[in-house]
Amino acid sequence: MSSGVVGGGDCGVAPRGLGVGYYLEGRYFLRERDGLFSRTWQFAGHESRARTAGDYFVFEVAGENLFCVRDTDGTLRAFYNVCQHRGHELLVGEGNTRRIVCPYHSWCYELDGSFRTAPNIHSARGFDKSSVRLREVKMEIMHGFVFVNLDDDAAPMDEWYPGVREGLLEYVPQIAELAPLEWVEIPEKCNWKVSVENYCECYHCAVNHAALMTGVIKPGTYDIQPRGYALHHTTECQNLEKMSYPVDMSVAHAGDYRTWYLWPMFSFQVYPGNILNTYHWRAVAHDSVTLWRGWHTVGGAESEVIRKLARQDLETTVAEDVRLIESVQRGLRSRGYRPGQLVIAEGGAGLNSEHSLHAVHQWMRAALED
């Protein structure tokens, strides 16, 4: 695994964005689904959805139907959601089960994926029970957030995203106790990369995000730096008089804003007051993506402050971004457009620099050239 070189272009020439084919052509999307999405760490769900033995939930990654289930020894596991007999899907939605039983011919598996029994196998010629097992998927848990990688040889998440696990614990010391309070689903009519790229730079923020600029972050302190396959966003918050919600400044880092974007489709975001929220994307088609905003509290407990903040976020920053990215998608189809030069500040730092976007473009090009 190599994150490539992150810089400002060769011989002082400003780098340009990706070609329009990356956003408009279905063949690129198919290559991403069959390659990039299946070789990178993808969010599956929160561990709180499967707390006790037999709890399971179904999800999809890279066009594959998968599920997570809690084993009898307390281990959370991920499997392809397919029976090893004739290919029927095993589970739907979420729930609890003592064993995994295929609805087609009642082939039965233990929660660890091992084969238990099936009708009439005692009389089947040469049937080898020991050769039957559900295919497991590589999985990691980062502070309760479950990620999978369909590449069995993928490097661990801490190698992909150095410093993220430690940073989250420092800025959200209660993270082990958190559970989702609310998921906000936002369908977007654009290529997933258009949405992600918008998130990965703040060059557009001053012009488009008044609530964010005046009510959350302190623009002069904003910076984004690549590390591994992650982008670390840092800034101080506005003074307390300008904050749009109350902040207990007695807690460490309560006055800071921090984001860890995990390439390609997930981000942890900490608002002032140690409030954890998340972004995750699911590409639907080459011109369609669904974004989920997650808001988390201790035990998933109700919070008027978080509910209000989620509404404010949806009505301001999110709505503003949706208008921007859908306009970009339409503009990319214009015969009058050619990939523009990126604005990369000297030293690659600050609010008004696209050095972070350049890094993401390098990761994308390298992934699709593999």
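Just so it is clear, none of the values below were taken in a lab; they were calculated from the coordinates. Being a predicted model, the structure only gives us computed values, none of them experimental. Cβ sites come from the backbone with ideal geometry, for glycine too, and all protein chains shown count toward neighbours.
What to note about this one:
- Of 157, 233, 76, farthest towards positive along the dipole that unit charges on Lys, Arg, Asp, Glu beta carbons give the chain: 76
- For the stretch 42-149, diffusion coefficient by Stokes-Einstein and Kirkwood Rh (Cα), 20 °C, 1.002 mPa s, µm²/s: 151
- Phi angles of the stretch 333-343 translate, via the Karplus equation with coefficients 6.51, -1.76, 1.60 and θ = phi - 60°, into HN-Hα couplings of 7, 6, 5, x, 9, 10, x, x, 6, 7, 8 Hz per residue; Gly and Pro are given as x.
- Lysine pairs within the chain, Cα separation less than 29 Å, 8 or more sequence positions apart or different chains: 8
- Of the GluC sites (Glu not before Pro) found in the stretch 286-341, those that fall in a DSSP loop while having at most 11 other beta-carbon atoms within 10 Å are 302.
- Stretching residue 106 away from residue 75 to a fully extended chain increases their span by 8.7 nm, per 0.36 nm per residue minus the current alpha-carbon distance.
- Selection of GluC sites (Glu not before Pro), the stretch 17-86, meeting DSSP coil and at most 15 other Cβ within 10 Å: 25
- Alpha-carbon centroids, the stretch 24-65 and the stretch 310-363: separation in whole Å: 25
- Prolate/oblate/rounded label for the stretch 139-237 (Cα gyration tensor, a/c 1.5): prolate
- The stretch 37-48 - phi-based ³J(HN,Hα) in whole Hz, Karplus 6.51/-1.76/1.60, Gly and Pro as x: 5, 8, 10, 10, 6, 10, 5, 9, x, 9, 4, 5
- For the chain, alpha-carbon Rg relative to the globular expectation (2.2 N^0.38 Å, N residues): 1.07
- For the stretch 103-144, trypsin sites (Lys or Arg not before Pro) meeting the loop criterion (DSSP other than H, G, I, E, B) and having at most 15 other Cβ atoms within 10 Å: 125, 135.
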